[in-house]
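The values are calculated or read from the model by the stated rules, or taken from the named source; none is laboratory data. Bear in mind the structure is a predicted one, so any value in this text is a computation, not a measurement. No Cβ is skipped: glycine too gets one built from the backbone with ideal geometry, and neighbour counts run over all protein chains shown.
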């Protein structure tokens with residue numbers, strides 16, 4: 001479900017308000033509550049236009065390549081999971097279809113993520129390996145709730161967007177709609193993906209995907225997007 005009810009939308013509107021007031025305070029012109037109005041229409045990013053990465057299509061998946069032609073962390077991770085080439089307790093494969101040509105820093109990002117999920121998401125992995133791809137969303141759901149920061153860093157860093165722009169993009173998304181949220185996360189710069197990862201880790205320390213619409217820490221955690229540069 002998309003629209004004004006999205007928890008991401010409520011969070012970004014609050015952050016945009018904070019940004020506006022911060023700039024106004026620096027200029028000595030702080031509007032009163034009655035005078036302040038936010039143009040919510042301009043706050044929605046076009047997720048369909050995000051990302052200029054090349055793609056290499058295979059028979060069973062699409063592998064996203066970075067500017068140098070190497071697979072991204074997210075592409076390698078998705079390949080490993082789709083082909084069931086890694087499960088908790090395994091070492092990260094150093095070669096093979098999914099890891100061929102991957103850069104050391106991208107491999108380190110995958111290793112950090114898989115190191116986090118290997119115990120906390122074992123139940124979801126076991127169900128996926130014993131079943132079908134229908135169980136894969138539960139794996140990713142556990143990843144975002146339990147290992148948000150390394151997951152967001154792995155998925156992101158492929159574009160030019162900021163942490164706030166990524167949140168603006170996710171205004172349109174249901175929290176569980178990966179086809180909507182992933183392109184928004186991918187569009188960040190490497191630095192901004194780390195900042196966004198911190199925001200998500202802050203949120204999921206107290207919240208779950210199912211309870212996100214009523215989560216009380218969305219605004220306080222989301223404010224990290226505009227703090228610290």
Looking at 184, 154, 221, 173, which is the one that is in a loop (DSSP other than H, G, I, E, B) and outside the structural domain of residue 102 (by TED's automatic domain parsing)?
-> 173
Are any residues in segment 191-213 over 14 Å from residue 143 (Cα atoms), out of contact with any helix residue (DSSP H, G or I) (no Cβ under 8 Å at 6 or more places or on another chain) and assigned to a helix (DSSP H, G or I), and if so, which ones?
-> 191, 206
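Table: residues versus (1) within 18 Å of the chain's Cα centre (by Cα); (2) surrounded by 12 or more Cβ atoms within 10 Å (Cβ to Cβ); (3) modelled with pLDDT of 90 or more; (4) not assigned by TED's automatic domain parsing to the domain that holds residue 189.
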residue: 89; (1), (2), (3), (4): no, no, no, yes
residue: 97; (1), (2), (3), (4): no, yes, no, yes
residue: 110; (1), (2), (3), (4): yes, yes, yes, yes
residue: 126; (1), (2), (3), (4): no, yes, yes, yes
residue: 139; (1), (2), (3), (4): yes, yes, yes, yes
